[in-house]
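The values are calculated or read from the model by the stated rules, or taken from the named source; none is laboratory data. The model shown is predicted, which means the values in this text are computed figures rather than measured ones. Counting neighbours? That spans all protein chains shown, and the Cβs are built from the backbone with ideal geometry, glycine included.
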């Protein structure tokens, strides 16, 4: 037959594929099975096959009976009778119609990935609002299937129950609460660091803290915190502990509110309770996603803002501070080691206090010499070395620099007679262990000075009393002012003003008084130091007068009646409270090859503590590493706490992955990194105003990075902090503003509200410090590509 | 750049034929060409031939094509301009409407025709074809641990190399690591420098840094040059100038160029002039904020009042894809010029131009103070 066709014009496709005859074939040929067979044997999701139909209903109800309140908000995908019919939900006709139309839409978007019953229940929850229910469904899809981990799920729901129960219990009478506290006494001992929080008779803010604690606890990763009371079985010590503590704190706070008469407290606690409940519910799906850490913060923030309605700023701050420790509790470390660490700190604390002291001042004020001589007098430098320095410095005609050589060790520094980088040593006094940071005074090395000052708690401001020298140092362009401002902005609270080189002015009282008056005025009025935190002392670094021993100089004794020496002044300084209970943070200020294997990083522990063997995360790269050794001042130690200057030996990571500015942190609560931040800045005395697009150098801890001020959001009143003007065109000197700053690459920072010390930065431009700032928010933004052509 | 032919009629439409001669000219061309123009140039095209038997052969053919520009792409590092679009003149190899990408090459002429040549574009041709010799300069901006090796030409600042190493700090009894790290750092800079410097073009080499790094580096550089017997560096020793800068980041190149001690050497670089103008603007903003305006709206309003003394515009704005927007800026420039004001068009590749670009791209110093009005805050600020 084909012979008769015209082959050339033939459509081959037709020829090949059209030969199937519609007739004379059965349905099976096309579909493999007949529709009736299909209906019988293949399972169709859309049909509501009730798998659990054969199971007894009671069993399910038993298990879930306590979480009715919670579960109504959570999709019931965890219950076993998944495929219950829509019809069973008893809807009106109108609702039914709406539900069906929503379902159809949802199916279009989501496909068959979720059973219909789940969808419908969510749609009903969301009041037939398609968008919100799809959102919820999608978050649910992302979450791992709960069925695979039935045990965890149960525990979670129990905690939820427990939490909501506490919420309810708060409104109950206080006597039961008291007994509950008593019954939970042992477990509260376990959480030693936070124990002070839960003691009764705290202020209103503490009440709130109690709730938030529960909240935080609940959101944090530890997977199966079984409630002690409910389950009765001990899972393991650690999991056991956290809910116990929750309960503990909640109850004690409820006790609190019960005891106190003030109504306001009551209302605060109640509102927060409700807030807490909702946040619990919101957090639930996220928790499964493993991104709970983000929610913690936002929850904290929400809650705190909530409280802000009732409390003043200080309480907010204190409560934020107080809340933070709780994030530290789910550390990867075992409870026992933590206990050890805390007791160890207490031991050491009782022994000698640690103080980080930075020495600042104008170039050639005699900082290094003063400190060098002090170290010599304290016996930290042996006579032999000192003699060597004297000889050598004499050889190059700089005999007056002999003491400075104790701290200035590089060839370059000795040759030029200028400190260039921060020198770090340690010495002990009767009551204190002091880490001494000798900062450079030259204006080109202010970046190094910032590194030093950001690691310090207190400062010695060295002033050159020589006629003319003090004036140049103190005038505009001198570093005395800039250093003092920098130190204050970087969180140094107490300052000793050492009026140095008094021998050059014959120990004149008059000179001393003019200097102290001028400096005192500047420090209190402009720099913002408290009057009580400033102390003055006349001395001479070169001849070593009035450093460790009371002076024997007759001209000085004549009028200097208090006779306090420099070392006594240092003894009088108070060390700040260290954030030991917060998650571990360390900003790397140096990376170098150590003696053994691996490599070392140096820096000050910003918060928390660190032990050899700890696993840490290096941010912003997100690489994990192990800590092999912890050294303080070349001595290996078991644990180092916030405030310590440590050298860590790292292993499990390449040296090139760690650089200055990397942040080592606790893997369970990693530091945040961003390329764009929103910050509050205080503008100093500047020559050119700051506009948007202004290029600056961003100094944070040990890092300096180029940055651009992207937006001027609002100008604030300098003292009250009110918004004066939105979107100002430029910022002039001595103003205060909220701005957005964009960095060239992501950097790890902490919010000022969370870590006071780690939330400060400085902006410099053209060799001048132009502003000090506090990180308010991390705005994560991908850098968009510019219009064209730019590199 | 050489202008070989120019045919622009009264209505400002027409074509010019140009021969780019140096990398810088590519930048000018990049600023001239805009979407919708037609450009004619010789190029290599793969042509597919199908023989009678149906076998296909591909060969490369050099042919002249005219395309209507659809996209422009400039590579700053190689100074190469790629222009792609559809063919508008059919020839034996290429069909009408076929896409092609022209790679504009040095010393090969091209013809650019526009429907409308505006004043900014014409000015650009004039400056590009100005035969006056200009100084190219090399700048090494550094601080401990970071260095930028830049080539500064009249209208471009090209970062040739960025060196970043970790230098261990000084610590008690272990200063040698610091010195070693420092030397490694210097070695890297020297390598980068040798690779990119061409002393035939470069008239001056700036070494800028805070503190003593520059002196140390210069000593080290010359010592190494002697050691390695690098004649080019030793012979050109007089071209090296040490300058102070506040940091080692790229934007401190701005202060280096503004440094009066070297301004003499660079009098003819456009870069220095731009820096000066921008500094003036900031100084004015400090002393008399009502005489320093930025943002297109503000500048236009000032221009209406004939108040503009100096207008600074980033050339980025003239590369706008949007014709209306481009016209708006051209109109502003024209009217300022008409009123006797001065106009400076900043190159967006320079540091100062980059900063101006961040500052909305337009800024003006006014003749007399004009009080600021507050009404128009929200509309035009949402650009970034």
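Things to note:
- Residues in the range A:768-791 that are within 14 Å of chain B (Cβ to nearest Cβ), within 27 Å of residue A:586 (Cβ to Cβ) and outside any loop (DSSP other than H, G, I, E, B) were compared, and the one that is modelled with the highest pLDDT is A:769.
- For residue B:227: the one exception among (1) modelled with pLDDT under 90; (2) away from chain A (no Cβ under 14 Å); (3) more than 30 Å from residue B:330 (Cβ to Cβ): (1)
- Filtering the range B:357-374 to residues that are touching a helix residue (DSSP H, G or I) at 6+ places or on another chain (Cβ under 8 Å), more than 20 Å from residue B:121 (Cβ to Cβ) and not in a loop (DSSP other than H, G, I, E, B) leaves B:363, B:364, B:365, B:366.
- Only listed residue being at negative phi, away from chain A (no Cβ under 13 Å), in a strand (DSSP E or B) and in contact (Cβ under 8 Å) with a residue 60 or more places away in the chain, chosen from B:327, B:344, B:337: B:344
- Here the range A:390-412 is the region considered, the condition is being modelled with pLDDT under 85 and within 9 Å of chain B (Cβ to nearest Cβ), and the residue that is surrounded by the most Cβ atoms within 10 Å (Cβ to Cβ) is A:412.
- Residue within the range A:608-615 that is part of a strand (DSSP E or B), in contact (Cβ under 8 Å) with a residue 60 or more places away in the chain and either in contact with a helix residue (DSSP H, G or I) (Cβ under 6 Å, 6 or more places away or on another chain) or within 30 Å of residue A:675 (Cβ to Cβ) (or both) present: yes
- Top-ranked residue of the range A:483-496 - restricted to ones that are farther than 23 Å from residue A:373 by Cα and surrounded by fewer than 23 Cβ atoms within 10 Å (Cβ to Cβ), ranked as nearest to the chain's Cα centre (by Cα): A:491
- Segments classed as helices (runs of 4 or more DSSP H), wholly inside the range B:230-285, with at least 2 members that are within 14 Å of another protein chain (Cβ to nearest Cβ) and buried (at least 19 other Cβ atoms within 10 Å of the Cβ): B:253-258
- Any hit, the range A:590-599, residues being assigned to a strand (DSSP E or B), within 14 Å of chain B (Cβ to nearest Cβ) and closer than 17 Å to residue A:641 by Cα: no
- Residue check for residue B:190: assigned to a helix (DSSP H, G or I) and either at positive phi or more than 12 Å from chain A (Cβ to nearest Cβ) (or both): yes
- Scanning the range A:647-670 for residues that are closer than 25 Å to residue A:581 by Cβ and within 13 Å of another protein chain (Cβ to nearest Cβ) gives A:647, A:662.
- Within the range B:286-297, if we keep just the residues that are facing chain A (nearest Cβ under 10 Å) and touching a residue at least 24 places away in the same chain (Cβ under 8 Å), the residue that is surrounded by the fewest Cβ atoms within 10 Å (Cβ to Cβ) turns out to be B:289.
- Tally, over the range A:414-437, of residues that are more than 11 Å from every other protein chain (Cβ to nearest Cβ) and in contact (Cβ under 8 Å) with a residue 60 or more places away in the chain: 10
- Scanning the range A:497-505 finds one or more residues that are within 19 Å of residue A:356 (Cα to Cα), buried (at least 19 other Cβ atoms within 10 Å of the Cβ) and under 39 Å from the mean Cα position of the chain (by Cα).
- In the set A:696, A:682, A:688, only one residue is at pLDDT 90 or above, in contact with a helix residue (DSSP H, G or I) (Cβ under 9 Å, 6 or more places away or on another chain) and either at the interface with chain B (Cβ under 9 Å from one of its Cβ atoms) or surrounded by 24 or more Cβ atoms within 10 Å (Cβ to Cβ) (or both); that residue is A:696.
- Qualifying residue in the range B:138-151 (condition: more than 14 Å from every other protein chain (Cβ to nearest Cβ) and within 19 Å of residue B:1 (Cβ to Cβ)): no
This table checks each residue for (1) surrounded by fewer than 14 Cβ atoms within 10 Å (Cβ to Cβ); (2) outside any helix (DSSP H, G or I); (3) at pLDDT 80 or above.
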site	(1), (2), (3)
A:84	no, yes, no
A:88	yes, no, no
A:105	no, no, no
A:108	yes, no, no
A:114	no, yes, no
A:133	no, no, no
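- Counting only strands (runs of 3 or more DSSP E) that sit completely within the range A:418-476, those holding 1 or more residues that are at pLDDT 85 or above, on the phi < 0 side of the Ramachandran plot and over 33 Å from the mean Cα position of the chain (by Cα) correspond to A:458-464.
- Scope the range B:172-186; condition under 17 Å from residue A:631 (Cα atoms) and facing another protein chain (nearest Cβ under 7 Å); matching residues: B:172
- Listed by position, the strands (runs of 3 or more DSSP E) inside the range B:4-100 whose residues that are within 14 Å of another protein chain (Cβ to nearest Cβ) and in contact (Cβ under 8 Å) with a residue 24 or more places away in the chain number at least 2 are B:56-75, B:80-87.
- Residue in the range A:636-643 that is in a loop (DSSP other than H, G, I, E, B) and without any contact (Cβ under 8 Å) to a residue 24 or more places away in the chain present: yes
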